[in-house]
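A short worksheet on the structure shown next.
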Amino acid sequence: MLYTSIVAERIGLRRSFAVIMAMSFALNFILALALLLQQPETRTIVVPPTLAAEREVWTFDEAGPGAPYLERWALSVLSHAASVTPETVDSSRRVVLQHVDPGFYGKLEEALIVEADRIKKDHSSTIFYPDRARVNTSDLSVEVEGVQKTLVGSTVTSSRKKTRRLTFRYDAGRLFLTSLTDQPSSGS
């Protein structure tokens, strides 16, 4: 009698232990599966030191950068593409081409080389003064309105309103310029 109760007790403990282990394994498997399938929203916030005083915050998520970053990026690229002198045109072209989508590289490089040859031949300078930027984060584009001036020496030979549209592609945390076009200006 005593022997049968000891055996029954051990079998009950083994069975309980096996059930607890099976439940633990099942719960761990479910937890691991949930962690693997879950895709949490990732948002990176960048506050550049030069803008800390302005309190401008740049945000990024799966869709791409926020409007303030996209606007700054477009203005930076445009300053190198549209404001050049015969001395700076080649270095500005290299800076712009570092940020160009490979599919647009050849076309833009050709256009920038033609523009550089014209600027060097005429000994002219161009400068673009942006007035307003409209950012569209859904298609990663920025339209920048401003005044484009052409100078020969210190004489302004032309001054006209211009709207430039820059379109980007966001891939692996980088922005690539996919187009840079002149748009009809609303105040021409």
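The values are calculated or read from the model by the stated rules, or taken from the named source; none is laboratory data. Note that the coordinates shown come from a computational prediction; the quantities given were computed from them, not determined experimentally. Cβ sites come from the backbone with ideal geometry, for glycine too, and all protein chains shown count toward neighbours.
Every test in (1) part of a helix (DSSP H, G or I); (2) aliphatic (A, V, I, L, M); (3) surrounded by 12 or more Cβ atoms within 10 Å (Cβ to Cβ) is passed by ALA133 save one, and that test is (1).
The residue that is surrounded by the fewest Cβ atoms within 10 Å (Cβ to Cβ), counting only those in the range 150-164 that are assigned to a strand (DSSP E or B) and free of Cβ contacts under 8 Å to residues at least 12 places away in the same chain, is THR155. One residue alone among SER91, SER76 is over 21 Å from ALA172 (Cβ atoms), in a helix (DSSP H, G or I) and out of contact with any Lys or Arg (no Cβ under 8 Å at 6 or more places or on another chain), and that residue is SER91. In the condition set (1) at pLDDT 90 or above; (2) more than 17 Å from the chain's Cα centre (by Cα); (3) closer than 30 Å to GLY64 by Cα; (4) not in a strand (DSSP E or B), LYS120 is compliant with all but (3).
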